[in-house]
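Scroll down for the structure; my scribbles are underneath it.
The values are calculated or read from the model by the stated rules, or taken from the named source; none is laboratory data. Note that this is a predicted model, so its numbers are computed, not measured. Note: ideal-geometry Cβ built from the backbone for every residue, glycine included; neighbour counts use all protein chains shown.
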């Protein structure tokens with residue numbers, strides 16, 4: 001199973017773009033990557049300083065809301081409405097709506113009736129000072145959320161867990177980081193993440209401290225640590241970046257990389273088959289606090305990469321730069337299109353050259369199978385990249 005990603009994370013570019021009110025706590029606090037913190041007794045001009053989004057006491061009908069642009073659009077499986085440290089001032093209930101929108105809409109455009117919001121979490125009671133984990137069963141890909149708080153109050157954090165579904169249009173012409181979390185890359189196994197998570201390795205940003213990398217405990221045996229990365233797209237890797245930024249006295253001494261054409265998630269299991277792995281980078285010495293850019297002679301498509309770190313220690317980031325295969329682009333195109341809400345799918349078809357009535361008809365037919373674009377050049381470019 002592919003681990004869930006926080007689709008709204010600031011590390012991926014998520015943003016709170018508007019809110020009905022933020023009198024006591026700024027709306028941006030909702031997506032702060034670190035856990036909420038609170039020091040009682042600290043006051044400012046607006047009252048007690050809180051680490052969250054908090055609105056004024058509502059004296060009129062209605063409720064408060066916040067608009068969130070997901071950093072990585074995708075299929076949402078659950079949300080965590082975190083009310084940590086809000087004990088007498090949290091909302092009684094919340095609900096969430098979602099929409100899929102092309103481009104970068106403004107708050108006014110998102111609030112327009114044509115935005116086609118879909119209810120993904122009906123009104124739910126909240127508990128104060130707790131992580132309120134709410135399931136989502138809608139299998140469509142969304143780009144924006146509207147969080148409604150009834151009637152007012154404070155929420156510390158919002159986490160939006162799910163699977164990234166990247167928009168592949170144009171990626172066939174680019175060289176990209178095939179491992180990036182922004183495209184759906186995922187760490188699916190690691191030997192140890194005692195201090196910090198191995199998932200940090202594939203974040204698209206630069207680490208600001210040692211705490212934003214992967215650090216293991218000190219080994220006292222003759223073994224070594226490892227991490228397995230499921231690539232966002234199968235592709236041919238041309239350059240490897242191993243970054244030990246901020247690891248000055250505890251960086252891994254050496255690394256080696258192997259690649260597999262097999263998907264590392266069940267039912268496939270290349271970890272159980274040593275023959276499934278081919279050398280990608282021979283055992284290579286690392287320097288502390290250094291970005292290493294290394295060529296890759298491997299010319300076969302890879303779906304997964306195993307990094308072996310000798311003997312233990314820390315790494316900041318791993319980039320696997322290359323191009324996705326034609327087959328991967330085609331599969332990504334159909335997966336992306338078939339997960340779009342109908343209104344967004346129709347909009348994409350119109351942009352590909354279909355007239356609005358034909359686009360609406362095709363968007364409402366259900367999942368398109370591979371080959372559906374045969375004979376239509378513009379549709380082929382949209383779904384298959386050529």
Of the residues in the range 112-133, those that are at pLDDT 95 or above and out of contact with any strand residue (DSSP E or B) (no Cβ under 7 Å at 6 or more places or on another chain) come to 127, 128, 129, 130
Within the range 344-373, track down each residue that is within 16 Å of residue 331 (Cβ to Cβ) and surrounded by fewer than 17 Cβ atoms within 10 Å (Cβ to Cβ). 367, 369, 370, 371
Give 15, 60 a once-over and let me know the one that is more than 17 Å from residue 154 (Cβ to Cβ) and either touching a residue at least 60 places away in the same chain (Cβ under 8 Å) or in contact with a helix residue (DSSP H, G or I) (Cβ under 9 Å, 6 or more places away or on another chain) (or both). 15
Here is a list of conditions, (1) modelled with pLDDT of 95 or more; (2) touching a helix residue (DSSP H, G or I) at 6+ places or on another chain (Cβ under 6 Å); (3) over 30 Å from residue 338 (Cβ atoms), and residue 90 meets all of them except one; can you say which number that is? (2)
Failed condition for residue 341, given (1) surrounded by fewer than 20 Cβ atoms within 10 Å (Cβ to Cβ); (2) over 26 Å from residue 178 (Cβ atoms); (3) at pLDDT 90 or above; (4) not assigned by TED's automatic domain parsing to the domain that holds residue 226: (1)
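For (1) over 19 Å from residue 91 (Cβ atoms); (2) over 27 Å from the mean Cα position of the chain (by Cα), each residue gets a yes or a no:
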site	(1), (2)
34	yes, no
46	no, yes
52	no, no
57	no, yes
For the range 43-61, what are the residues that are touching a strand residue (DSSP E or B) at 6+ places or on another chain (Cβ under 7 Å) and not in a loop (DSSP other than H, G, I, E, B)? 53, 54
Which one of 171, 147, 158, 178 is surrounded by fewer than 23 Cβ atoms within 10 Å (Cβ to Cβ) and touching a residue at least 40 places away in the same chain (Cβ under 8 Å)? 171
Go through the range 112-126 and count every residue that is surrounded by 13 or more Cβ atoms within 10 Å (Cβ to Cβ) and outside any strand (DSSP E or B). 4
Does residue 40 satisfy the criteria of being outside any strand (DSSP E or B), under 18 Å from the mean Cα position of the chain (by Cα) and either modelled with pLDDT under 95 or outside the structural domain of residue 145 (by TED's automatic domain parsing) (or both)? no
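Could you please find all residues in the range 125-141 being farther than 19 Å from residue 88 by Cβ and without any contact (Cβ under 8 Å) to a residue 40 or more places away in the chain?
137
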Pull up the range 127-153, narrow it to residues that are outside any strand (DSSP E or B) and more than 26 Å from residue 59 (Cβ to Cβ), then point me to the one that is farthest from the chain's Cα centre (by Cα). 130
Please verify whether residue 189 is surrounded by 19 or more Cβ atoms within 10 Å (Cβ to Cβ) and in contact with a helix residue (DSSP H, G or I) (Cβ under 9 Å, 6 or more places away or on another chain), treating the condition exactly as stated. no
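Being under 20 Å from residue 6 (Cα atoms) and crowded, with 24+ Cβ neighbours inside 10 Å is the filter here; which residues of the range 75-97 pass it?
Those that are under 20 Å from residue 6 (Cα atoms) and crowded, with 24+ Cβ neighbours inside 10 Å: 76, 79, 81, 83, 94, 96.
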Given the condition in contact with a helix residue (DSSP H, G or I) (Cβ under 8 Å, 6 or more places away or on another chain) and either surrounded by fewer than 18 Cβ atoms within 10 Å (Cβ to Cβ) or assigned to a loop (DSSP other than H, G, I, E, B) (or both), answer yes or no: does some residue in the range 25-32 qualify? yes
Residues of the range 99-111 satisfying the condition of being out of contact with any strand residue (DSSP E or B) (no Cβ under 7 Å at 6 or more places or on another chain), surrounded by 13 or more Cβ atoms within 10 Å (Cβ to Cβ) and in a loop (DSSP other than H, G, I, E, B): 102, 105
Failed item, numbered, when residue 8 is tested on (1) under 14 Å from the mean Cα position of the chain (by Cα); (2) over 30 Å from residue 205 (Cα atoms): (2)
